[in-house]
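Structure record follows, encoded as structure tokens.
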Amino acid sequence: MTTAPAEAGWRFRQPSVIPGFGVTLGFSLTYLTLIILIPLSGLVWHTASLGWADFWAIATDRRTISALKVSFGTALIGAAVNVVFGTLVAWVLVRYRFPGRRILDAMVDLPFALPTAVAGIALTTLYAPKGWIGSLLAPLGIKVAYTPLGIVIALIFVGLPFVVRTVQPIIEEIDREVEEAAATLGANRFQTISRVLLPGLTPAIVTGFALAFARGVGEYGSVIFIAGNLPYVSEIAPLLIVIRLEEFHYAAATGIATIMLALSFSMLLVINLIQSWSRKRYG
């Protein structure tokens, strides 16, 4: 009579046919410590030397709060817009064959290769009151350049590839027979999209949103030209940090940076929890 082996418990090191766990783990921890942990720890340590009263004064400063609202608000809007249009672009690139598709596919990666300052200058030239697009919007009373709307457009430009390249591989894995089966069972197009396609795409869409949002919060080069940098109106937090450094007010600069770090980490943590939940539910 044979007995079933006892169920294995949790292991720190999972068995693998490929050796080198200790070496690769040590290299990974060392690399992450040198590149991420030590710089961030230094930032927090320098901020801790301010004292609670000074830090609270920096955090509650009207200009600091305004800059943080502009940075996080525009990044959130830009990422949300990219979720919609980035998913549509990915769908078109995967599902349809048309002349110039490869060129369009390559253009999606342009914000990755283009220097951010060049992108900012180009967008400002287009959307300025006398620019090609800005001159058409001016008679309608719509001002893009030197406003938060211009910041949103710049963040949409730099964040679009994150959503497209995250969602595109998942769409490629969806078999067309799934859509045909849904139509055979009587589902209309809206039901096919909402009940068949979107559940499988949700984890990738959330990941693309998180990447676009994280890029938007810390974006600097493509924003400072089109933002106008007006205090309390279109001044972003990264620019305020640079201003404090130029004023040799290092304490204020590190304080604002620490606040941005805490807010970014908290929001990304929430997004990752949502992503984990969507993966468990939808697979």
So which of Thr166, Thr125 is assigned to a helix (DSSP H, G or I), surrounded by 17 or more Cβ atoms within 10 Å (Cβ to Cβ), at pLDDT 85 or above and out of contact with any Lys or Arg (no Cβ under 9 Å at 6 or more places or on another chain)?
-> Thr166
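For segment 82-97, how many residues meet the condition of being open to solvent by 70 Å² or more (accessible area, probe 1.4 Å) and either free of Cβ contacts under 8 Å to residues at least 60 places away in the same chain or of a type in the set (Val, Ile, Thr) (or both)?
Restricting attention to segment 82-97, the residues satisfying the condition of being open to solvent by 70 Å² or more (accessible area, probe 1.4 Å) are 84-85, 88, 96-97.
Next, only the ones that are either free of Cβ contacts under 8 Å to residues at least 60 places away in the same chain or of a type in the set (Val, Ile, Thr) (or both) stay: 84, 88, 96-97.
Number of matching residues: 4.
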Just wondering, is there one or more residues in segment 49-69 that are under 17 Å from the mean Cα position of the chain (by Cα) and more than 15 Å from Phe162 (Cβ to Cβ)?
-> yes
In this structure, does Ala90 turn out to be assigned by TED's automatic domain parsing to the domain that holds Ile226, of a type in the set (Gly, Ala, Ser) and either farther than 13 Å from Gly208 by Cβ or modelled with pLDDT of 95 or more (or both)?
-> no
Count, please, the residues in segment 47-96 that happen to be touching a helix residue (DSSP H, G or I) at 6+ places or on another chain (Cβ under 9 Å), of a type in the set (Phe, Trp, Tyr) and farther than 12 Å from Ile256 by Cβ.
-> 3
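Given the residues Ser278, Ser222, Ser194, which is the only one that is modelled with pLDDT of 85 or more and farther than 24 Å from Thr60 by Cβ?
Details: Ser278 fails: modelled with pLDDT of 85 or more; Ser194 fails: modelled with pLDDT of 85 or more.
Among Ser278, Ser222, Ser194, only Ser222 is modelled with pLDDT of 85 or more and farther than 24 Å from Thr60 by Cβ.
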Kindly indicate whether Ala79 is in the same structural domain as Gly218 (by TED's automatic domain parsing), farther than 30 Å from Tyr250 by Cβ and surrounded by 14 or more Cβ atoms within 10 Å (Cβ to Cβ).
-> yes
Any idea which residue in segment 224-239 is least open to solvent (accessible area, probe 1.4 Å), counting only those that are in contact with an Asp or Glu (Cβ under 8 Å, 6 or more places away or on another chain) and not in a loop (DSSP other than H, G, I, E, B)?
-> Ala227
Which of the residues belonging to segment 245-275 are exposed (fewer than 14 other Cβ atoms within 10 Å of the Cβ) and either over 17 Å from His46 (Cβ atoms) or within 19 Å of the chain's Cα centre (by Cα) (or both)?
-> Glu246, Ala262, Phe265, Ser266, Leu269, Val270, Asn272, Leu273
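Quick test for you: out of Gly221, Gly141, Gly186, Gly208, pick the one residue that is in contact (Cβ under 8 Å) with a residue 12 or more places away in the chain and surrounded by fewer than 22 Cβ atoms within 10 Å (Cβ to Cβ).
Working: Gly141 fails: in contact (Cβ under 8 Å) with a residue 12 or more places away in the chain; Gly186 fails: in contact (Cβ under 8 Å) with a residue 12 or more places away in the chain; Gly208 fails: surrounded by fewer than 22 Cβ atoms within 10 Å (Cβ to Cβ).
Criteria check complete, one pass: Gly221.
Assigned to a helix (DSSP H, G or I), in contact with a helix residue (DSSP H, G or I) (Cβ under 9 Å, 6 or more places away or on another chain), open to solvent by 40 Å² or more (accessible area, probe 1.4 Å) and modelled with pLDDT of 90 or more, is that true of Val242? Reasoning before the result, please.
Working: assigned to a helix (DSSP H, G or I): yes; in contact with a helix residue (DSSP H, G or I) (Cβ under 9 Å, 6 or more places away or on another chain): yes; open to solvent by 40 Å² or more (accessible area, probe 1.4 Å): yes; modelled with pLDDT of 90 or more: yes.
In short, yes.
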For segment 93-111, enumerate the residues that are within 24 Å of Ala122 (Cα to Cα) and outside any helix (DSSP H, G or I).
-> Gly100, Asp109
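When you look at Thr24, is it surrounded by 10 or more Cβ atoms within 10 Å (Cβ to Cβ), part of a helix (DSSP H, G or I) and either modelled with pLDDT under 85 or in contact with a Pro (Cβ under 8 Å, 6 or more places away or on another chain) (or both), yes or no?
Values: surrounded by 10 or more Cβ atoms within 10 Å (Cβ to Cβ): yes; part of a helix (DSSP H, G or I): yes; either modelled with pLDDT under 85 or in contact with a Pro (Cβ under 8 Å, 6 or more places away or on another chain) (or both): yes.
For Thr24, the condition - surrounded by 10 or more Cβ atoms within 10 Å (Cβ to Cβ), part of a helix (DSSP H, G or I) and either modelled with pLDDT under 85 or in contact with a Pro (Cβ under 8 Å, 6 or more places away or on another chain) (or both) - is met.
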Residue count, segment 62-72 (criterion: touching a residue at least 40 places away in the same chain (Cβ under 8 Å) and open to solvent by 30 Å² or more (accessible area, probe 1.4 Å)) | 2
Any idea which residue in segment 39-64 is nearest to Ala252 (Cα to Cα), counting only those that are at pLDDT 85 or above and in contact with a Ser or Thr (Cβ under 7 Å, 6 or more places away or on another chain)?
-> Ile58
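May I ask you to verify whether Lys130 is in a loop (DSSP other than H, G, I, E, B), modelled with pLDDT under 90 and open to solvent by 20 Å² or more (accessible area, probe 1.4 Å)?
Criteria met by Lys130.
The values are calculated or read from the model by the stated rules, or taken from the named source; none is laboratory data. Computed from a predicted structure; not experimentally measured. Glycine gets a Cβ as well: all are built from the backbone with ideal geometry, and neighbour counts include every protein chain shown. Side chains included, ligands, DNA and RNA excluded: accessible areas come from the protein's heavy atoms. Shrake-Rupley method; radii C 1.70, N 1.55, O 1.52, S 1.80 Å.
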